[in-house]
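Here the structure comes first, spelled out in structure tokens, and everything after it is commentary.
The values are calculated or read from the model by the stated rules, or taken from the named source; none is laboratory data. Quantities reported herein were computed from a predicted structural model and do not represent experimental measurements. Every residue, glycine as well, gets a Cβ built from its backbone with ideal geometry; the counts of neighbours run over all protein chains shown.
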Amino acid sequence: MNASTQRPRPLDGITVVSLEHAVAAPFCTRQLADLGARVIKVERPGAGDFARGYDQRVLGQSSHFTWINRSKESLALDLKQPLAQQALMQLLADADVLVQNLAPGAAARMGLSYDALHDKFPKLIVCDISGYGADGPYRDKKAYDLLIQSEAGFLSITGTPEVPSKAGISVADIAAGMYAYTNIMSALLLRAKTGEGSHIDVSMLEALGEWMGYPMYYAFDGAPPPPRTGASHASIYPYGPFVAGDGGTVMLGLQNEREWQAFCDKVLEQPQLAKDARFDSNAHRNENRDALKAEILRLFGAFTAQQIVERLDSAGIANAHVNDMAGLWAHPQLEARKRWRNVPTPKGEVPALLPPGLNSAFDYRMDGVPAVGEHTARILVGLGWSAERIEALNVPNNVAD
């Protein structure tokens, strides 16, 4: 779709300047870019965002970086230089949002705190993303995703009874990025009413702490916490993976007594199990899960995984394939709903999933992943800078367009 026929997006005309690296802030700003915002990603000249070097799995480029940096402009600035600081301030004069997840205190030392900026740019929304927040005894501690998973108690409920496990994705970073995104959207709505920008202080610990609400309340007032149960649910049973007779694994879940009755009648063909005193309520099934698991596996042993899936579907019991990454890439539901688009990267096009949520009024922005400093010259020329002044920044020639 060309520019003349492009339907308006919710954040068209909004400019976001981001001093970002790793996952939390880039994940936040990519959501804003998806909705049409102009996101200017300020990177160190040369290496850029250190997440660019995490791996080389996507045409020689980082998997993390490719995932969360499409549709952005890369501006290479050495913010230790006074001239670069001038460029940044000139950008902020017309920006709507500043996002940063630098090391604790780094933005404030550069004069980029909300307090320092608000008098100059009263409409600017400033969003700080950190491990622990702007105050309190942990304020100055460095924070990485795994460390926050640990501090938030996530590791205590994830894994097997013998071994705690981290999430396979950066769940603390993603939680913080999503709360930053929703807070920025709320701040834009508020500014439309008041005309004033605001300060947003997002903590990774608090973001993941919110997601830990169920296990915290499960352990309320000193009660035992949820046990680590691998891929099974900690308090609902049967809910998890079960091996079939052909060695395949079926993931299934029961939520209520009606489903338990149907499971016994139509899947296991053992209706008497539904009234067995050991299994006649979720609490009893959970207390006696070892005995019930043995019974389910004995009965599943006579069938292939596909036969069990067919029985589960017929009985109206929720189930799922245990997919690996190849299975997700080739998922027939994603294909049927046309969820894939190709996006450019500095080393060629790659497929990318559309953002979650279909909206009938607009199309998501799905532009390219930038090279380090790819848009430096264009951005500065747009600010009225001369070629000589741009040259004085000493940005390497291979990172400015």
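At least 1 residues being closer than 18 Å to ILE308 by Cβ is the threshold, and among the strands (runs of 3 or more DSSP E) wholly inside the range 198-292 those reaching it are 239-243, 249-253. Looking across the range 1-23 at every residue that is in contact (Cβ under 8 Å) with a residue 12 or more places away in the chain and not in a loop (DSSP other than H, G, I, E, B), the one that is farthest from VAL171 (Cα to Cα) is identified as THR15.
Among the conditions (1) more than 22 Å from GLY36 (Cβ to Cβ); (2) touching a residue at least 60 places away in the same chain (Cβ under 8 Å); (3) small (Gly, Ala, Ser), the only one that ALA352 does not satisfy is (1). Restricting attention to the range 45-56, the residues that are assigned to a loop (DSSP other than H, G, I, E, B) and under 19 Å from the mean Cα position of the chain (by Cα) add up to 3. Restricting attention to the range 299-337, the residues being surrounded by fewer than 12 Cβ atoms within 10 Å (Cβ to Cβ) and aliphatic (A, V, I, L, M) number 6.
For the range 24-57, taking the residues that are among the polar types (S, T, N, Q) and either in contact (Cβ under 8 Å) with a residue 60 or more places away in the chain or not assigned by TED's automatic domain parsing to the domain that holds VAL171 (or both), the one that is surrounded by the most Cβ atoms within 10 Å (Cβ to Cβ) is identified as THR29.
Return a yes/no flag: does the range 120-134 have any residue that is assigned by TED's automatic domain parsing to the domain that holds MET204, of a type in the set (Gly, Ala, Ser), part of a loop (DSSP other than H, G, I, E, B) and without any contact (Cβ under 8 Å) to a residue 12 or more places away in the chain. So that I can check it myself, show each step before the final result.
Here is the first cut: in the range 120-134, the residues assigned by TED's automatic domain parsing to the domain that holds MET204 are 120-134.
Filter again for of a type in the set (Gly, Ala, Ser), leaving 130-131, 133-134.
From what is left, the residues that are part of a loop (DSSP other than H, G, I, E, B) are 131, 133-134.
So of that shortlist, the ones also without any contact (Cβ under 8 Å) to a residue 12 or more places away in the chain come out as none.
Within the range 120-134, none of the residues are assigned by TED's automatic domain parsing to the domain that holds MET204, of a type in the set (Gly, Ala, Ser), part of a loop (DSSP other than H, G, I, E, B) and without any contact (Cβ under 8 Å) to a residue 12 or more places away in the chain.
The criterion of at least 1 residues that are under 24 Å from ALA47 (Cα atoms) is met, among strands (runs of 3 or more DSSP E) falling completely within the range 314-398, by 340-343, 350-353. Among the residues of the range 178-193, those identified as over 14 Å from VAL97 (Cβ atoms) and touching a residue at least 24 places away in the same chain (Cβ under 8 Å) are MET178, TYR179.
Taking the range 80-119 as the range and being at negative phi, free of Cβ contacts under 8 Å to residues at least 40 places away in the same chain and assigned to a loop (DSSP other than H, G, I, E, B) as the test, the residues that pass are LYS80, ALA103, PRO104, MET110, SER113, ASP119. Got at least one residue in the range 58-76 being crowded, with 20+ Cβ neighbours inside 10 Å, more than 24 Å from the chain's Cα centre (by Cα) and not in a loop (DSSP other than H, G, I, E, B)? Yes, there is a match, as at least one residue in the range 58-76 is crowded, with 20+ Cβ neighbours inside 10 Å, more than 24 Å from the chain's Cα centre (by Cα) and not in a loop (DSSP other than H, G, I, E, B).
When the residues of the range 142-197 are filtered to those that are assigned to a loop (DSSP other than H, G, I, E, B) and within 22 Å of ALA106 (Cα to Cα), the one that is nearest to the chain's Cα centre (by Cα) is TYR144. As a summary of the residue check, PRO104 satisfies the conditions (1) within 30 Å of PRO227 (Cα to Cα); (2) in contact with a strand residue (DSSP E or B) (Cβ under 9 Å, 6 or more places away or on another chain); (3) at pLDDT below 95 except for the one numbered (1). On inspection, ALA93 does not qualify as surrounded by fewer than 20 Cβ atoms within 10 Å (Cβ to Cβ) and either modelled with pLDDT under 95 or among the β-branched types (Val, Ile, Thr) (or both). Filtering GLY105, GLY111 for residues that are under 28 Å from the mean Cα position of the chain (by Cα), over 22 Å from TYR181 (Cβ atoms) and in the same structural domain as GLY177 (by TED's automatic domain parsing) leaves a single hit, GLY105.
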